[in-house]
Amino acid sequence: MRRSSLKKVVWHSFAIILVVVLVGVCALGPTTLACRSLQKVSIQLQWFTQAQFAGYYVALDKGWYRDEGIDLTIKPGGPALSPVDLVASGKSQFGTGLLADLCVAIQKGKEVISIGQIQQKNGLLLIAKKASGIEQPKDFVGKRVGVWLGSWEAQFDVLMANEGISLDDVEVISQGGSIGPFLEGNLDVASAMIYNEYQTVLESGLKAEDLNVIDYADYGLGFPGDTLFTSRKVAEQQPDLCVRMLRASLKGWQYAIDNPEEAVDIVLKYDESGVLNRQHQISMMKEISKLVQISGRDIGYTDRTTVRQTIYILRQGILGGMLQPEDVYTNDFWNQANEK
């Protein structure tokens, strides 16, 4: 047999073996990368890269989205971006945001739906320096109050409505991404997440006893926090994608909670700004864990009673129409993601 013919036989045999191997690998499971190409997907965060979103970064870094056939891009946000608008328009397939604000957006006609309640509590506070004498919402009248406008104001608006305070009597100022204006005295009251801005204020030298904290939960407004949501179009047309996205995300969140310092180090790898402080992020991760994993409830599960109560409270203050829990969320994908 001539050498060229021998080469053809060898290569033909190799090709047959390769096909057999791939077929065998594909038989192992539907998420095997050899069986399908990766699907490009993006998630739009509502804030900058930080430990608030550790679960997503961990799952990305560990390759768990790729294991689910997803080539994920995480898009950092900020006060000028609206994840709801970007997801509803199809510019991103998934987004994060506070449940109360998602309810308001849906009532206004945005075609989005929550598929996983990542934070069971939200940690949103209003803070004032004790020296200002501001101790309760009624003291806001005539004062400069910082609020994140666009995707975060639902709790503030319903608080003002419940307390009988007209927004015309309060100087509401767009707070932006820095707590600096509050520290410099340019805001009398500031919005603060317990895991971020509140910690930054304490790190600046102010002590807890130097502050008056107005906790929304003390006024019956302890709403759930960050939810993972998608458009109704994606939920209806690509349910398998929603299951895979949620399954990888939940795995990332559980790992981040179990390994907080490693999770922070992973987040720092993706911090293109280079401004994150590791110790601050570790403190954030500890506080985030308390919001994500609470006793008696699995990570990411949405409690219908809690959603119904949130809607009821919002309707008393700022929602203009009817809204049912099923308009806001579904646990269908969560149930499938957690099937054994």
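Pairs with C-alpha atoms separated by more than 28 Å, drawn from the list Lys75/Lys121; Lys62/Lys110; Lys108/Lys233; Lys62/Lys108; Lys108/Lys251, are Lys62/Lys110; Lys62/Lys108; Lys108/Lys251. Of all aspartates and glutamates in the structure, the ones whose alpha carbon falls short of 16 Å from that of Lys143, not counting any fewer than 8 places away in one chain, are Glu135, Asp157, Glu163, Asp168, Asp169, Glu171, Glu184, Asp188. Tell me, what is the percent relative contact order of the chain, built from C-alpha pairs under 8 Å that lie six or more residues apart? Relative contact order of the chain: 27 percent. Database remark: amide H of Gln120 closer than 5 angstrom to the amide H of Gly225, Val292 (H placed geometrically; neighbours at sequence offset of 5 or more, or on other chains; Pro and chain starts carry no H). Distances between placed amide hydrogens fall under 5 Å for Ile70 paired with Gln39, all partners being 5 or more residues away or on another chain. Note on Lys286 and Asp169: their simple-model spin labels are 4.1 nm apart, each label 7 Å out from Cα toward Cβ. Can you list the lysines whose alpha carbon is less than 17 Å from that of Lys138, not counting same-chain residues fewer than 8 positions off? Reachable lysines: Lys129, Lys130. With θ taken as phi - 60° and the Karplus curve 6.51 cos²θ - 1.76 cosθ + 1.60 applied, the whole-hertz 3J(HN,Hα) list for the stretch 321-326 is x, 6, 8, 9, x, 5 Hz, x standing for glycine and proline.
Mean residue ellipticity, 222 nm, helices only, the chain: the sum of -39500 (n - 2.57) across DSSP H runs of n ≥ 4, divided by residue count and rounded to 500, is -12500 deg cm²/dmol.
Evaluated at q = 0.06, 0.14 Å⁻¹, the base-10 log of the normalised Debye intensity for the chain, with identical point scatterers placed on the Cα atoms, takes the values -0.26, -1.13. Annotation: aspartates and glutamates with alpha-carbon distance below 16 angstrom to Lys91 (same-chain offsets under eight excluded): Asp71, Glu111.
The numbers here are math on the coordinates, done by the rules we state, and not lab data. Since the structure is predicted, the reported quantities are computational estimates derived from the model, not experimental observations. Positions of Cβ are backbone-derived with ideal geometry, glycine not excepted, and every protein chain shown enters the neighbour counts.
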